[in-house]
Amino acid sequence: MKKSIKKSWPYLGLALLILLIGASLDGYVTIKIMKIIDAALDGNMVLFREEALKTFLIIGLLFPTNILASYTKGLFILKSLVKSKIYYIEKLFDKNINEFQSENNAAYLSAMTNDMNTIETKYLEGLYEVGNSFIGFFVAFLVIASVSPIALFIGIGISIVSAILSMLVGKPLQNHEKHRSDLFQGYTSYIKEVLGAFQIIKANNLNEKIKEDFYNKSKDIQWKGYVIDKIYTYIVSFQQMLMYCAHFGILFVSVFMAIKGSITTGAVILIINNMGRVVYPLMNLSEWFPKIFSVKSLFEKLDESLTNHDNYEETIDLIGFNKSIEFNNVSFSYDTNEVLKDTNLSLLKGEKYLVVGPSGGGKSTLLRLLRKYFNPTKGEILIDGKNLKDVKKESYFKNISNVEQQVFLFEDTLRNNITLYKDFREEEINLAIERAGLRDFVNGLQNGLDTIIYDNGKNISGGERSRVAIARGLLSKSEIIFLDEAFASLDATVAREIENTLLNLEGITVINVSHVIFEETKEKYDKVFVVKNKTVFD
Amino acid sequence: MKELLLKRKSRFILYVLACFIPVIDNVLINLSFSMLIGSIQVRNTDYFIRLIFIAIGLIVLSTTMYITSRFMRISFMRDTLLDVRLLAFDKILNSSYKNFSKKSKDVYISNLINDINIFESNFFLKLINVIFRGGLYVVSLTIISFMDIKFAIIAFFISILLFFISKSFEKRTIELQEEVSKYNEDFAVDISNTFNGLEILKLNNIEDKFLSKALNSITGLERKKFTFNVYSDKQRRIMELLGFAFLIGSLIYLSTLIGKGMSLTKVTFMVQLSNGCIWNITSILPLFNQLKSSANIFDKITKNDEEFSSDLVKEKDFIFKNEIEVKNLSFDYEGKEIFRDISFKIEKGKKYLLKGSSGSGKSTLIKLLSMIYEDYQGEIKVDGVDYREIKEKSLNDNVSFIYQDVFLFEDTIYNNIALYKPYDEKKVLDAALKAGLDSLLKKKEEGINEMLLENGKNLSGGERQRISIARAIVKDCQILFVDEGTSSLDEELGRKVEDTILSLESTVIAISHRYYEGITEKYDYVLEIKNGQIIEYDADEYFMEVAI
């Protein structure tokens, strides 16, 4: 992820360039001030007025420079954040389905919000400030050198020592930041859960318990932040002390030199003005370096969560399904939990299959294997003689269509929710709507198929959603249709009708995983598979 | 906002004092500086060496003061921020179900996380800066006026001028920050939705379209933030530059005083103080603006904005011994008419099956009977007492729900069934068995004390449903509302559970598409909803006539 941000370093360069121009103008002003003071102490009022005028002119130049600085800084942060967020989302979308589902969505949301926020405030702003500090240091260096190299080197020596000490002191903060990020993740998940259970909480008068839980979790987060703050305090106060010592040290030296007559009073003022620009940036550095480094473990955590662990190379493009899907001694376990063992079955093209079984017995797992979310831990699944493991996911997905129980509706027209953005003729769409029993629903909408569905279809009942999912499946013209508890929310009459339609589809292989069984239609299936006790009977 | 800060009055006062400590520190350091510079004029080495010792002592003092000040502040901040989190959460938790479901869950998440993050990083940081700089301004100006009243007056007027210039930026700053907050909210909702549907998107190979939608959202959000950041940064820089200009001006003015014989120490000290004056007045004002916009965020997430609140006093208890009577009930939802002038009775102890096509209002009827919706026309009375006069808590204690969507807490199965009420352990186990959970409990290592993952991710649909059923059984209440309670179960188990439900003593009002021969007949009545009307049938009549 760091690499994606590196691409926006040209913008950082631009921002720093502008800062350089501004700092140079600043430096020039301090030289003018030196001349003004010395002129005043010498009583040379002509020179005094001359230099004063020049000074105001330079200040005039500083206005546009500063405004440009604001733009360039904002631009750098904009480009960097956009790049890193885009990188994150693209990689996330790239994850295999089962790997994406292995972490809950709140974790991803937390990464996009909390973690990105941390990157912005600690890493990006840190880089900018560090650049700013170096530039200030550089310009001030030159200005002081033009007056007294000795004072300069003493000043530098002291500053280097304190910079090193700052960096060392910043190390322990890394672990705390990562822990804080993990805490935020847990916090976000918890909140999501609670919000989802709102009605249950109210209906069971659980307000107090939930408030207590929430209080404890929030307390955790706040206290962790507090601990980090305390450590910061010690670090920063130590660094501040170093800065004062440095500042005063330089002052002693220059005043002494002025008392002895080797430099003018004006020069002392110049040294003080610019020493601030040497020392203060370094103090910023000692605050920002620890912050920048502490983000390192955050990057690692994010990169880890984005990688696909299963990097098996798939080589086959599946064009059409022609013969059969065979399970040969297929076993599957989630970690150590064995769900299927030595399963053998055959699915032939164009046939209709019903899959039943007790819940938790492996039906969903069977489906997931058939959808290529997972590969079998033992044995193989062959499709038209080819190992399913070797088939490319995208090409496989083109050949199957899925009707699931939890239907995802997106904010777009009903039409697009059914066609899923593929092109179909109006007649085809209407046929699918009829067959899915959606005609009444569509007719009841003011804008018909062009009605926009908002907020995951909050106002659409469960039955209607199921019918949309079925319409999707019917429309897609894929050779294999998987149904996953698709009839659970439907009226018996409607369900039977749709089931009949599916059973009459020619040439299409239908695999219906279901609890809802009708005696009449049961006969029409070519085979009924029972998934029980880690294996499949027919 | 004020109540929040004043809640811990004494600690807040300490906090403010803690913010003043750096002011004292600042003045003392400046003084020793000036004296050192002045010693150039004096040209006395012994005096010089004495000053060195004073300076060292001051550094040690300064470090100690810094640590003290910071510690005094961060514990106050920690506790206050905790309060903010709780207030924001309370606001959500206390809203009625109707208002709650008006906004998407992700808006609330944005409030509880993003907005509080913004608040945390903005508010206190700005607050201490405001107090510190304000304090320094006042103290510096006071000291200057003792030394050169003319100069003090000029400094004062210029600072007022700068104040008004800064104020002109205020409105836009608040506008922009609120835009960012709203955009954040919308973004969180969108992206969360997309994550929820990613599986389907991938299966249908349309994730690219949504990817580019997400990318556009991201870019849009960052641009909004860009506009805000640039605006406030610009504002800050302009004010700083104006202050710088004044500083140079004052330096020049004071340099002329050297010619008139003022000591270098005094001149240097005044320059430093006017520095403290102007730099701080210029940066205090943008800070003030940002402080205000942070306070607005606080209001947004904690102020109660419930619209409908009943004027009637809700004090009566829910007592159901005979019947619930619904009279001339009409109800609209989001402009659509659901019920028109319906009337029927629910007799205690009887089992009712609700039938009707999808979207006809079955779930809505349950929501009306369970007090979730209040804005209906007509009457609902239980044993003669109007629903509108009954305490919500009292109703909740007496009803149970079995829904299609089951929410499970990240806790043990036991707690998910008992829902943290102090039931007899045996009762809970009994309910679990009646709900058909014995096979699940045998499978799990810890049995009923097995911990569930986020929303029961490690359970199948049917297992979750059974926990929901166990919950209802153990509560053993007067009314049981069921909405597709056995839809995720297979035939055999569904029969068993439906039988259990129908054998309970509670009054049951259920929606179900399933037909279990021999069991479903045990319902007493069937209420069919059609076109906003209700027709009541005796169960035997219904099952003989209406073929399934």
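The three principal axes of the C-alpha atoms in the range A:203-271 carry coordinate ranges of 86, 18, 9 Å, sorted with the longest axis first.
Report, in debye and to the nearest 20, how large the dipole of the range A:41-193 comes out about its Cα centre when Lys and Arg carry +1 and Asp and Glu carry -1 on their Cβ. Could you put the intermediate results ahead of the total?
On the way: 13 positive and 14 negative charges, 20 e Å.
Value, rounded to 20: 100 debye.
For B:Ile338, the residues whose modelled amide H falls within less than 5 Å of its own, excluding neighbours fewer than 5 places apart on the same chain, are B:Phe331, B:Asp332, B:Tyr333.
Taking the dipole about the Cα centre of the range B:380-454, with the C-beta of Lys and Arg at +1 and of Asp and Glu at -1, give me whichever of B:Asn416, B:Val428, B:Gly447 is farthest to the positive side. Towards the positive end, the residue furthest out is B:Val428.
In peptide B:219-230, what is the residue-averaged number of other protein chain Cβ atoms found within 10 Å of each Cβ?
Details: counts 5, 1, 3, 12, 3, 0, 5, 9, 2, 1, 7, 9.
Per residue, the average neighbour count from other chains is 5.
Taking each residue in B:415-422, count the Cβ atoms of any other chain within 10 Å of its Cβ, then average. What number comes out?
Details: counts 1, 0, 0, 0, 7, 7, 4, 0.
That average works out to 2.
Against the empirical curve 2.2 N^0.38 Å, the C-alpha radius of gyration of chain B lands at a ratio of 1.45. Averaging Cα coordinates gives a centre for the range A:14-34 and one for the range B:77-140; these two points are 39 Å apart.
Straight-line reach only, C-alpha to C-alpha below 18 angstrom: list the lysines that B:Lys421 could link to, leaving out same-chain residues fewer than 8 apart. Of all the lysines, those that pass the test against B:Lys421 - Cα under 18 Å, at least 8 places apart if same chain - are A:Lys202, A:Lys209, A:Lys211, B:Lys393, B:Lys475. Think of chain B as a dipole: +1 on every Lys or Arg Cβ, -1 on every Asp or Glu Cβ, centred on the Cα centre; then among B:Leu504, B:Phe318, B:Asn30, B:Asn30 lies furthest on the positive end. The smallest convex shape that holds all Cα atoms of the range A:478-538, its convex hull, gives 100 Å³ per residue. For the range A:281-347, the Cα-based Rg and Dmax, in that order, read 24.5, 73 Å. Straight-distance candidates among the lysines for linking to A:Lys54, with alpha-carbon spacing under 23 Å and chain neighbours fewer than 8 residues away dropped: A:Lys32, A:Lys35. For A:Lys352, the lysines whose Cα falls under 18 Å of its own Cα, not counting residues fewer than eight places away in the same chain, are A:Lys323, A:Lys363, A:Lys477, A:Lys522, A:Lys524, A:Lys527. When every Cα-Cα distance of the protein assembly as shown is counted in 20 angstrom steps from zero, the calculated P(r) takes the values 10, 35, 28, 17, 9, 1 percent. In order along the range A:262-270, the phi-based Karplus estimate (6.51 cos²θ - 1.76 cosθ + 1.60, θ = phi - 60°) of 3J(HN,Hα) comes to 7, 9, 7, 5, x, 4, 4, 4, 4 Hz; Gly and Pro are listed as x. How large is log10 of I(q)/I(0) for chain A at q = 0.06, 0.08, 0.09 Å⁻¹ when the intensity is taken from the Debye formula with one equal scatterer per alpha-carbon? Computed log10 I(q)/I(0) values: -0.52, -0.75, -0.85. Each of the peptides B:428-437, B:151-160 was scored by the mean count of other Cβ atoms within 10 Å over its residues; in descending order, highest first, they stand as B:428-437, B:151-160.
Using only helices, what value at 222 nm comes out for chain B when you add -39,500 (n - 2.57) per DSSP H run of length 4 or more and divide by the total residues, to the nearest 500 deg cm²/dmol?
Details: 18 runs with 348 residues, N = 548.
Calculated mean residue ellipticity at 222 nm is -21500 deg cm²/dmol.
The long axis of helix A:9-42 is offset from the longest Cα principal axis of chain A by roughly 20 degrees. With the biggest extent put first, the Cα atoms of the range B:352-493 measure 53, 36, 26 Å across the principal axes.
Between helix A:207-260 and chain A there is an angle of about 20 degrees, using the helix long axis and the longest principal axis of the Cα atoms.
Overall dimensions of the range B:52-120, expressed as equivalent-ellipsoid semi-axes from the Cα gyration tensor (√(5λ), whole Å, largest first), are 46, 11, 5.
When GluC sites (Glu not before Pro) are flagged only if DSSP places them in a loop and at most 13 other Cβ atoms lie within 10 Å, the longest unflagged stretch of chain A comes out as A:1-312.
Once the Cα atoms are used to define both axes, helix A:462-475 deviates from the longest principal axis of chain A by about 80 degrees.
For B:Ile128, neighbours were defined as the other residues whose beta-carbon sits under 15 Å from its Cβ, and their charges (Lys and Arg +1, Asp and Glu -1) total +3.
Model label sites at A:Glu523 and A:Asn459, defined 7 Å from Cα along the beta-carbon direction, differ in position by 4.5 nm. Projected label points at B:Lys209 and B:Phe156, each 7 Å from Cα along the beta carbon direction, are separated by 6.9 nanometres.
Solvent-accessible area of chain A (1.4 angstrom probe, protein heavy atoms only): carbon and sulfur portion equals 56 percent.
Of the DSSP H helices in chain B, those with a Cα length along their own long axis of 20 Å or more and a mean Kyte-Doolittle hydropathy reaching -1.0 comprise B:9-42, B:45-94, B:116-147, B:149-167, B:170-203, B:207-259, B:264-302, B:461-475. Dipole size of the protein assembly as shown about its Cα centre, with +1 on Lys/Arg Cβ and -1 on Asp/Glu Cβ: approximately 5420 debye, rounded to the nearest 20. From the cross-link list A:Lys2/B:Lys105; B:Lys91/B:Lys167; B:Lys9/B:Lys126, which pairs have alpha carbons spaced over 27 Å apart? Flagged as over cut-off: A:Lys2/B:Lys105; B:Lys91/B:Lys167. For every other residue with a beta carbon closer than 13 angstrom to the beta carbon of B:Ile40, add +1 if it is Lys or Arg and -1 if Asp or Glu, then tell me the sum. Counting the neighbours of B:Ile40, the net charge comes to +1.
For chymotrypsin sites (Phe, Trp or Tyr not before Pro), no site in the range B:413-514 is both called loop by DSSP and has at most 13 other Cβ atoms within 10 Å.
For the range B:81-143, just say rounded, prolate or oblate: build the C-alpha gyration tensor, square-root its eigenvalues into a ≥ b ≥ c, call rounded for a/c under 1.5, and beyond that prolate if a/b exceeds b/c, oblate if not.
Since a/c reaches 1.5 and a/b is larger than b/c, the shape of the range B:81-143 is classed as prolate.
Treating each Cα of the range A:335-406 as an identical point scatterer and ignoring solvent, apply the Debye formula and state log10 I(q)/I(0) at q = 0.16 Å⁻¹. Each listed q maps to, in turn, -0.66. Principal axis extents of the Cα atoms in the range B:428-547, from largest to smallest and rounded to whole angstrom, are 49, 27, 25. Heavy-atom accessible surface of the protein assembly as shown, averaged per residue, reaches 42 Å², computed with a 1.4 Å probe.
Taking amide H positions as modeled 1.01 Å from N, with prolines and chain starts lacking one, the residues under 5 Å from A:Gly357 and 5 or more places away or on another chain are A:Val531. Sparsely packed loop sites in the range B:459-541 (the trypsin sites (Lys or Arg not before Pro) outside DSSP H, G, I, E and B with at most 16 other Cβ atoms within 10 Å) do not occur. The base-10 log of I(q)/I(0) for the range A:210-314, evaluated at q = 0.18, 0.23 Å⁻¹, reads -0.98, -1.16 [Debye formula, identical scatterers on Cα atoms, solvent excluded].
The values are calculated or read from the model by the stated rules, or taken from the named source; none is laboratory data. Bear in mind the structure is a predicted one, so any value in this text is a computation, not a measurement. Positions of Cβ are backbone-derived with ideal geometry, glycine not excepted, and every protein chain shown enters the neighbour counts. Accessible surface is based on the protein model in full, side chains and every heavy atom, while ligands, DNA and RNA are left aside. Shrake-Rupley method; radii C 1.70, N 1.55, O 1.52, S 1.80 Å.
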